[in-house]
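Structure, as structure tokens:
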Amino acid sequence: MKISELLCLDHFYIMLAPEQFNELAKLQKTIAGFKHSVVKTKAESWEGCYWRTNSGDYIEFMLPVVGKHEGMGVAFSARSPIYADVRDLKKDFKKLPWLTGTRVWPDKSKWFTWLALKSKKSKKSNMMLGSFINIWAMFYHPRYFQYKNLTVRPTPNALDRIIQLDVFMNPQLKDFLLYHLQWTPAVTTTTKTKMTVIVPNRELAPFHINIVFKESCKDVTFRKIVCETHKMKKIKLPKGKTIGFTQKQGVLTITNKLI
């Protein structure tokens, strides 16, 4: 069995407008599993809002980096690192041009090693394709902590799983995305105007990325995210001006109100 068959969704990120990011950051005070933080490694730092599910995957909301237009990224990891080491992807796909690197914490301990394909230049345009979409695999290095006086049982996260992500995408990114998905367990369906990418989560439930190709879209634009809430319960959420929340029978839909 190839390593790719044992991979699942680790997390995905999407870029938001600053007003949307600031609106979401306020959820940290009221939502279990939601965290707004600045992540610092030995070489770099970034700010994000993280919404983790009980399935083990999570959504990362990010602000665009100045001078870049990174729109979306999808990370894969092994369902069980005991049985699969994603670093062996290079052995299973020897002919692919791999890039790899390791992120290190400020205390010099290793966080994770990543693998991704070296991007090809677009023959149709001068678009910096790698700035809009990132697809990579993650191997987490063990890091041990000693917890003291832990008497409170952790609260379950508000979300059980992520069902789907819907985006608009520039059609010139289609071949680029397919190229970078070739080593993953993703199942894709493509037409001239749409693409669906299905990947398993850690519990083998499907996560759908629904893409509508749009010439007027500069890169990748978030439309909506659909999630299932813990025990199908309703979550108390604020009314957003730039981000919309709707809930029905335990299904939460997060929408982009700026498009």
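No value in this document is a laboratory result; all are computed from the given coordinates. Computed from a predicted model, the values in this text were never measured in an experiment. Note that we place each Cβ from the backbone using ideal geometry, even for glycine, and neighbour counts take in every protein chain shown.
The table that follows gives values for the structure above.
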| item | result |
| --- | --- |
| Positive-end residue of Y140, H208, Y83, charge dipole of the chain with Cβ unit charges | Y140 |
| Overall form of the stretch 195-235 per C-alpha gyration tensor (a/c, 1.5; a/b vs b/c) | oblate |
| Net charge over other residues, Cβ less than 13 angstrom from the Cβ of W183 (K, R count +1; D, E count -1) | +4 |
| Those residues of the stretch 7-28 whose amide nitrogen sits under 18 Å from the label point placed on L204, 7 Å along Cα→Cβ | 7-10 |
| For the chain, diffusion coefficient by Stokes-Einstein and Kirkwood Rh (Cα), 37 °C, 0.692 mPa s, µm²/s | 169 µm²/s |
| Expected 222 nm ellipticity per residue - DSSP helices of 4 or more, -39500 (n - 2.57), all of the chain, to 500 | -2000 deg cm²/dmol |
| Net dipole in debye of the chain [+1 Lys, Arg Cβ; -1 Asp, Glu Cβ; about Cα centre; nearest 20] | 100 debye |
| Charge dipole (the chain, unit charges on Cβ, about Cα centre) - positive-most of L173, F93, L258 | L258 |
